[in-house]
Amino acid sequence: METKQVDEILSEVFNSQIHVNRPVQKYYIREKQNAILKIRSIEMESQDLREAGLKVTTPRLKMLELLENTQQHLTAEAIHQKLLESGEEIGLATIYRALSQFEAAGLITKHHFEGVHAVFELERGPHHDHIVCIHCGSVKEFYDDIIEKRQSTIAEKLGFKLQDHTLTLYGECSDPDCTGKAESALSEKKSGR
């Protein structure tokens, strides 16, 4: 469906609400904007699937939508759980199969961080690096211009033309709910460290 058609249909639906008080009118305008963004997002995801040579299916669209709307790197199991929680009955085998197809098509990136199951993120284009909590496996993204320049300088000094790189830092996160910190502290106490 063309974006222009979507705008026209939504305008007809929401224009029937013009004769209401201002707070209600603002609510409907906001809802219209959200509906337009969601439809455009689905259109873009459908187009991404078609361009990758993949059939557009509801499970694939739901998975891409989930990856697009999350700020986390997710395991296949976490994707499965989140879809189940939202009422989507998609099998774990289907999720693994679709993730492999997405990765092969360049729609997502798969990471294998130490001590963490493989995690996936939507391919958003610009390069970034990662820092991973050694206790709970939480993954955060970052970009630092100084680090990027330093890596290029080092490559040049060693006679290399840098094509790509992966930088993953490991540390302890500051999240008070970090699941592994308590276990680590208990084991250190038992060992007398």
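Only one of the numbered conditions (1) modelled with pLDDT of 55 or more; (2) touching a helix residue (DSSP H, G or I) at 6+ places or on another chain (Cβ under 7 Å) is not met by Leu67, and that is (2).
So, of the residues in the range 65-94 that are of a type in the set (Asp, Glu) and outside any helix (DSSP H, G or I), which turns out to be farthest from Phe142 (Cα to Cα)? Outline the logic, then answer.
We begin by selecting, within the range 65-94, every residue of a type in the set (Asp, Glu); these are 65, 68, 77, 85, 88-89.
Keeping just the survivors that are outside any helix (DSSP H, G or I) gives 88-89.
On the way: Glu88: 32, Glu89: 34 Å.
Applying the filter and picking the extreme gives Glu89.
Of Gly87, Gly53, Gly106, all but one fail to be of a type outside the set (Ser, Thr, Tyr), at pLDDT 85 or above and at positive phi; the exception is Gly87. Is it the case that Ser152 is among the hydroxyl-bearing types (Ser, Thr, Tyr) and modelled with pLDDT of 90 or more? Answer is yes for this residue. Here Phe102 meets the list (1) crowded, with 18+ Cβ neighbours inside 10 Å; (2) assigned to a loop (DSSP other than H, G, I, E, B); (3) outside the structural domain of Thr168 (by TED's automatic domain parsing) almost entirely, failing just condition (2).
If you scan the range 137-147, which residues turn out to be within 14 Å of Leu169 (Cα to Cα) and either of a type outside the set (Phe, Trp, Tyr) or touching a helix residue (DSSP H, G or I) at 6+ places or on another chain (Cβ under 9 Å) (or both)?
Keep residues of the range 137-147 that are within 14 Å of Leu169 (Cα to Cα), which gives 137-144, 147.
Those that are within 14 Å of Leu169 (Cα to Cα) and either of a type outside the set (Phe, Trp, Tyr) or touching a helix residue (DSSP H, G or I) at 6+ places or on another chain (Cβ under 9 Å) (or both): Gly137, Ser138, Val139, Lys140, Glu141, Asp144, Ile147.
The values are calculated or read from the model by the stated rules, or taken from the named source; none is laboratory data. Since the structure is predicted, the reported quantities are computational estimates derived from the model, not experimental observations. Here the Cβ is made from the backbone with ideal geometry for all residues, glycine too, and neighbour counts use every protein chain on show.
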